[in-house]
Structure formats: structure tokens, C-alpha cells
């Protein structure tokens with residue numbers, strides 16, 4: 001209490017502003033804050049216009065936080081924590097929240113766009129009209145983003161395509177200039193004509209140009225001219241029409257209506273258009289993990305293997321580490337120091353490198369292990385052997401850690417316990433199981449639980465050694481027999497082919513959050529981290 | 001007499017056996033621990049460059065694999081190495097700055113929510129960032145739409161993600177050290193009108209140098225070995241880190257690239273092995289507190 005009061009005192013003494021330096025600092029501070037706020041104010045309408053509510057929220061909260069921290073006298077501690085808190089907010093807390101949001105959406109391949117973007121895409125799809133005339137184009141640009149096309153129809157009539165409209169030469173808003181009098185227009189307004197090869201550098205932009213027919217040309221208003229190939233512009237009509245009132249897309253060719261259903265456009269006969277949009281779908285991702293046979297089956301396999309994997313990882317590494325610790329704990333043992341150094345070596349290598357080396361060793365055809373054993377065990381092709389291989393790799397990676405912590409814990413067991421036991425005639429074996437092991441377990445339990453949580457999410461080892469393979473037959477998503485939940489999540493979201501199921505992947509992430517959270521909470525109670533805070537005052 | 005002699009021989013024999021099996025057991029484990037390492041060293045010197053038919057002592061041993069490694073244009077190992085170092089140094093430097101600032105507040109200032117803040121930081125960091133990899137990917141993608149320099153496939157974007165995980169055990173480590181620095185110096189500086197930031201910068205940071213170095217290298221090692229997020233965010237061959245690059249390089253090409261891979265693995269492992277032995281004391285004490293190296 002006394003200490004606290006004293007500290008509060010000390011940071012109230014220095015706001016008198018004795019030195020001129022402080023005035024300078026103050027001005028710099030205000031200028032910097034001003035710039036920051038100006039930047040935020042500039043960005044807000046842009047984000048607002050794009051309906052990026054999430055980014056907008058983050059921006060506003062971050063700016064307000066910074067302003068508060070530097071303008072309020074009470075916020076001195078916040079100033080020191082601000083950088084860390086901001087990064088933590090943007091890249092830890094916000095992603096956790098966003099994961100929850102995505103888990104309730106259909107976000108993923110085929111459902112990436114917002115609804116407005118998807119509708120926009122459909123209304124800009126055109127069907128080629130073979131029966132209407134084609135045009136030969138000449139290309140013009142001012143090299144600054146302005147484009148025009150001079151189109152000649154089969155009868156030799158010429159038109160200017162400019163800013164989405166087709167004009168006859170007489171009506172052209174831009175003047176056509178034939179500088180050298182060779183019958184070819186060199187300029188349209190200030191846009192210069194592009195020679196053969198020059199067009200290639202602008203091909204992308206010219207491909208996007210669409211010119212609407214003016215009604216008096218062919219008495220049609222819904223025809224558009226678009227590039228068909230570099231030397232041909234052809235007539236197109238829109239393929240879809242969107243009605244906001246009924247929220248339907250109509251295929252203008254055959255009149256089929258597509259209604260909105262779960263982020264897709266579906267016709268009455270059940271046909272679904274290729275591009276959907278993202279929307280919330282309630283608990284569907286979670287229920288499909290439980291009920292969709294081709295997802296739920298593999299998912300439960302992954303789930304149970306994750307738990308078996310985490311338990312086996314802890315048990316095997318702890319068993320070997322403890323055995324070695326007990327052997328090395330004997331002060332009379334010769335070469336003890338050397339042994340310790342040699343045994344720690346696997347732990348000093350980066351895990352990603354070791355995992356890749358082991359993957360080579362386990363190679364069925366050419367790997368060292370089959371070579372030495374003189375067998376051809378399908379290490380990475382058979383589900384059972386792939387799991388054995390993973391446990392061996394993880395044993396190699398993890399036993400030195402267990403050895404180090406066991407050695408530490410062994411040294412803290414009071415020796416008089418053993419003396420008393422020896423007097424009572426207990427054998428070494430008996431002493432180990434009745435004294436050493438229970439005491440070790442108590443002091444190491446938090447570390448063993450932490451190790452369980454770590455291995456539960458041990459992405460590197462699984463992904464680098466087996467990539468989750470061999471594949472589970474009949475699975476709807478890429479799923480393998482050695483996948484654990486975290487690699488399963490990764491493959492749902494990012495594996496080529498049928499990846500890109502962000503919603504489903506996020507639902508699995510939430511499940512892992514819950515499990516790891518429970519374990520961590522349990523561990524917190526164990527280690528009494530809270531008391532440590534209190535002790536340090 | 002004879003009886004006694006017999007007994008002592010027996011005891012000697014039992015003792016010998018007892019000692020023998022201990023050493024034998026330990027040696028078996030040492031062989032298990034070392035054979036991949038020995039084998040990879042041998043492979044790096046084997047000009048055959050293939051895992052099949054590899055011998056423990058390679059015939060015609062040479063350093064050709066190391067040369068091949070730096071000549072491949074398709075797999076720019078040198079660039080991956082530099083990328084990794086750049087990411088590690090920038091991330092570790094910023095992490096040291098960010099966390100020592102926060103640790104100063106937790107150690108020297110008294111404010112409401114200090115204890116719960118310390119606790120919350122630890123609790124939040126219990127969730128590994130990679131659990132939210134999908135969200136992080138989508139957020140970085142969104143960010144890149146407005147600020148391309150922070151978008152997907154940029155190092156700045158990746159560093160931004162890493163900085164999110166900066167707070168946590170590091171803050172605790174630094175706060176613990178700051179707490180041991182006597183306050184008398186600061187008190188006299190305070191009387192002379194120094195601000196808290198000046199005290200932090202001029203007094204605390206120089207005195208805390210040993211622990212800053214430790215935090216720097218711990219973060220360096222963690223970033224060096226980070227695989228998942230780098231894998232998710234980076235795409236272009238010339239942008240990859242060593243972890244992601246090596247994985248794409250060797251993927252199922254053990255028959256063709258084993259020797260070059262071995263050379264890369266040795267060079268790639270070296271900085272971390274050196275740092276490990278340099279930091280061993282802190283790592284071991286950190287371990288017994290519950291941190292697990294990735």
C-alpha cells in the first residue's frame with residue numbers, strides 16, 4: 001500500500017512543465033496526433049463507401065485509443081502499453097472475434113464476394129450475338145488512362161467508341177484528326193493511335209471496354225460492343241438482369257429466374273449459378289461437422305487422433321526423458337556431462353528442419369530406416385505406420401525437453417526422504433514409484449499439461465512429416481488419417497483443389513479455442529499464476 | 001575365506017553389470033538422438049545428392065552440394081536465408097521495444113487494472129495465433145486492399161502479425177527484471193525533472209541490457225522457426241522464409257535433392273544451435289516456467 005502511494009506521488013510531480021523542452025515536445029505531439037487524425041478522417045469515408053464496417057471499427061477504436069492515451073494526463077500507463085496493445089488488438093483479439101464471425105458464414109471459394117459484387121458480376125456478363133455485324137477496331141489512348149476505339153463495320157461505316165457509348169463520326173464528342181492525310185485518323189481528340197504491337201501493352205484495358213449502341217443505329221438499346229479478339233469487336237447482349245425488388249436474377253436468354261438461397265442464386269428447378277456471395281448461415285458449419293456424413297466421419301477421426309496424438313506425445317517423451325533423467329541424476333555416473341550435452345542436441349535444432357529430415361528418413365522406397373531394417377514398411381502411406389512414424393519423430397524432438405525439466409525436478413526432491421526409505425528397507429525400484437514419481441508428477445504436472453496443449457496444436461511436425469496423409473477415402477474435404485485439428489483447419493482453408501472453406505475452417509478453430517482454453521484455464525489454477533501476480537505486488 | 005572372496009567377486013560383477021547397463025541404455029539413446037544429425041552431415045558431403053544408396057561415409061566427399069545450393073535460381077536459398085534474417089531481426093527489435101515499454105508501465109507505474117492487465121495478457125497469449133490463421137489471412141487480405149504494402153505476400157504484413165503476439169511471457173520476463181533494478185537512480189532523476197519516458201530510455205533500458213538481449217534472441221528463435229503463418233501469408237518464391245522455402249524445396253524430392261537439402265538444413269540449423277547454447281541458461285529456466293520451444 002505504502003509503495004503504491006509513493007509511486008502515484010512521483011508521477012504527479014512532473015506535470016508542471018518547467019523546461020522549454022517540454023513545450024517543444026508538446027507541439028511535436030500535437031502535430032503528430034493531428035496528422036494521425038487527419039489520416040483517419042481521410043480513410044473513414046473510403047472505408048464507409050466500401051462498406052468495410054470491420055476495418056472502419058478497428059480504425060476508429062485505434063485512433064480514439066491513441067488520442068486518449070496522449071491527451072489525457074491520467075493515461076500515462078496506457079501510453080507505454082499502447083504499441084503492444086494495438087498490435088495485440090489488431091492481430092490477436094480482433095482475429096479471434098473475426099474467427100467467430102466467419103464460423104457463422106459461408107465464406108469460402110464460390111462465396112468470396114459480397115452480394116453487391118456478385119450481382120455486379122452477373123449484370124456485366126454478356127452473350128455474343130452472332131447474327132449482328134462485327135467491327136474492325138483501331139485503338140487510341142493518351143497514355144493516361146483514356147481510351148477510345150475507332151470501329152469500322154463491314155459496309156465501311158465508321159464509329160467512335162468512347163466512354164461506354166458508340167458515336168457516329170458526325171456526333172463524336174472528340175475531333176478526329178488525320179494529320180498526314182493518308183486516310184487513317186492519327187488522333188481522336190488528344191488520344192493517339194496505337195500501332196500493331198503497341199496495343200498489346202493496353203490489351204487488358206481495351207478488353208474491358210463496353211460501348212452501348214445508341215438507339216437510332218439499329219433501333220436497339222440493349223446491345224453492347226465488346227472486344228472479341230484483338231482485331232474484332234462484336235455485338236453482345238446482357239445475359240442477366242437483376243431486380244432489387246424481387247431479389248432475383250433473370251436469365252434474359254430463356255427467362256429463367258434465379259432466387260437467392262443461402263448465398264447462391266438458385267432456379268426453381270434447383271440449378272445454382274457458379275458465383276455466390278458470402279452471407280451468414282447460422283449454425284450450419286457446426287451442424288455439418290456433426291451430421292454431414294462425408295464431413296462428420298473424417299472429422300471425428302481427426303478429433304480422436306488429435307487427442308490420442310497429444311496424449312501419446314506427452315507420455316512417450318516424458319517416459320524417455322524421465323528414464324534418462326533418472327540415469328543421469330546419479331552423481332557417480334561417469335561422462336555425465338558429455339551424455340547430457342549429446343542428448344540435448346535434438347532439442348537445439350529448429351523443429352521444422354528436423355521434421356523434414358525425418359520425412360526423408362521414413363521414405364518408403366529410398367529412406368534410411370527401411371534401408372537399415374531391410375524392410376519395406378509403408379511408413380507414410382499406411383495410416384497406422386504413418387502414426388507410428390509421427391510418434392517416433394516427436395519422441396526424438398521432445399524427449400530432451402522432458403529430460404531437462406525432469407532433471408531439474410529430481411534435484412529439488414529432498415534427499416532425506418530417500419534416506420528414511422532406505423532405512424526402512426525399501427528397494428530402489430520401490431523408492432522410485434513411491435517417492436520420486438509422485439513428487440515429480442506433482443511438480444511437473446503444469447508443464448506436462450502445457451506440453452499436451454502444445455502438441456494438441458503441433459502443426460509443424462504433422463504437416464512437415466506427413467502433411468496429414470494418407471488421405472481418408474470418401475472425405476468431402478481434403479482430410480488425412482494423420483491430420484490433427486489444426487492441420488485439418490489449415491487444409492480446409494488453404495489446400496489447393498477443394499480448399500477455401502473459410503467458414504467451416506473457422507468453426508473447427510473455435511472448437512480448438514474451446515479445448516485449448518479449457519486446458520489453459522485448468523493449468524492456470526494449477527500453477528497459481530494469479531498468486532504470482534499478487535506476490536510481486 | 002573362500003566364501004567371502006566369492007561374495008566380493010559376485011558383488012563386483014553385479015556392480016559392473018549395474019553400471020554397464022546404465023551406460024548401454026544411455027548410449028542407445030545417444031545413437032537415437034544423433035543418427036539423423038550424423039546422417040544429414042554425411043548427406044551434405046555426398047555429391048550423389050540422393051537419399052537412396054547413401055553411405056555413412058560418402059565416397060568422393062565434397063562440398064559440391066553447398067555450391068549447388070547457392071546456384072539454384074529456381075530455389076533461391078540465399079534469398080530465403082536473408083528474408084528469414086530480416087524478418088527475425090526486425091520482429092525481434094520491435095518486440096523488445098514494445099514489450100519493454102509495456103513492462104516499464106507494469107513495473108514502475110501504479111494504475112487501476114494493473115494486476116488484471118498482467119493476467120489478461122498472459123491469458124490471451126495462451127491462445128496460439130495460428131488458431132486464428134483463417135481470420136488472420138482474411139484480415140491481411142482486406143488490409144492489403146487499402147495498404148498494399150501490408151497485404152498478403154509482404155514481409156511487412158507478416159511482421160505485423162508477429163507483433164500481435166509480442167505481449168505475453170516476454171512482458172512478464174522483462175517486468176520481473178525491471179522490478180529488481182533499484183529505484184534510487186530514477187528517484188533522483190525524477191527530482192531533476194526527468195519524464196517517465198526519459199527515465200525509461202536513459203536509465204532502465206541501459207541497465208536492463210542483459211534481459212533485453214535475451215528477449216531479443218528468444219523472439220529471434222521463435223520467428224526463425226515459425227512455419228504456419230508464414231506459409232499462409234507468403235506466396236512468391238522470392239518472398240519465402242527458410243522454413244517455408246525448404247518445405248517447398250524438398251517436398252517429395254528426396255531422391256533428387258537430398259544432398260542439397262542436407263546442406264541447406266545444416267546452414268539453416270546453425271544459427272539456432274549456436275543461439276541455443278548461448279542462451280541455454282535462460283531457456284532452461286524459462287522451460288521450467290512453462291514455455292515450450294516451437
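Classify region A:126-238 as rounded, prolate or oblate, taking a ≥ b ≥ c as the square roots of the eigenvalues of its Cα gyration tensor: rounded when a/c is under 1.5, otherwise prolate if a/b is larger than b/c and oblate if not. Cα axes put region A:126-238 in the prolate bin. Adding -39500 (n - 2.57) for every DSSP H run of four residues or longer, then dividing by how many residues chain B holds, sets the calculated 222 nm ellipticity at -23500 deg cm²/dmol.
Computed with the Debye formula from one identical point scatterer per Cα of the protein assembly as shown, without solvent, the log10 of I(q)/I(0) at q = 0.06, 0.07, 0.09, 0.11 Å⁻¹ comes to -0.55, -0.72, -1.06, -1.34.
In terms of other Cβ atoms within 10 Å, A:464, B:118 run from fewest to most in the order B:118, A:464.
Listing A:88, A:26 from fewest to most neighbouring C-beta atoms within 10 Å gives A:26, A:88. Mind checking the angle between helix A:383-411 and chain A's longest principal axis? C-alpha axes, 0 to 90 degrees, to the nearest 10. For A:383-411 against chain A, the angle is about 50 degrees.
Taking all Cα pairs closer than 8 Å and separated by 6 or more residues, the relative contact order of chain A comes to 14 percent.
Label-to-label distance for residue B:156 and residue B:277 is 4.0 nm, based on points extended 7 Å past Cα in the beta-carbon direction.
Using the Cβ-Cβ distance between residue A:526 and residue A:411 with R0 = 22 Å, the FRET efficiency computed as 1/(1 + (r/R0)^6) comes to roughly 0.55. Shape of region B:180-223 from its Cα gyration tensor (a ≥ b ≥ c, root eigenvalues): rounded if a/c is under 1.5, otherwise prolate when a/b > b/c, or oblate? It is prolate, given that a/c is not under 1.5 and a/b is the larger ratio.
Fraction of C-alpha pairs exceeding 28 angstrom in region A:386-537: 43 percent, rounded to a whole number. Computed from Cα positions, the angle between helix A:293-328 and the longest principal axis of chain A comes to roughly 40 degrees. Relative to the longest principal axis of the Cα atoms of chain A, helix A:2-12 runs at roughly 30 degrees. Sorting A:30, A:472 by the number of Cβ atoms found within 10 Å of their own Cβ, with the fewest placed first, yields A:30, A:472. Dividing the summed helix terms, -39500 (n - 2.57) for each DSSP H run of n ≥ 4, by the number of residues in chain A produces a 222 nm estimate of -17000 deg cm²/dmol to the nearest 500. In chain B, Cα pairs under 8 Å separated by at least six residues give a relative contact order of 31 percent.
Taking the empirical scaling 2.2 N^0.38 Å for compact globular proteins as reference, region B:76-251 has a Cα radius of gyration ratio of 1.19. If the segment from residue A:163 to residue A:33 were pulled out straight at 0.36 nm per residue, it would be longer than the present Cα-Cα gap by 42.5 nm.
I need the shape label for region A:18-103. Rule: rounded when a/c is under 1.5, else prolate if a/b > b/c, else oblate, with a, b, c from the alpha carbon gyration tensor. Oblate is the answer for region A:18-103, as a/c is 1.5 or above yet b/c matches or exceeds a/b.
The numbers here are math on the coordinates, done by the rules we state, and not lab data. As the structure is a prediction and not an experimental result, all values here were calculated from the model. As a convention, Cβ positions derive from the backbone with ideal geometry for all residues, glycine included, and neighbour counts pool all protein chains shown.
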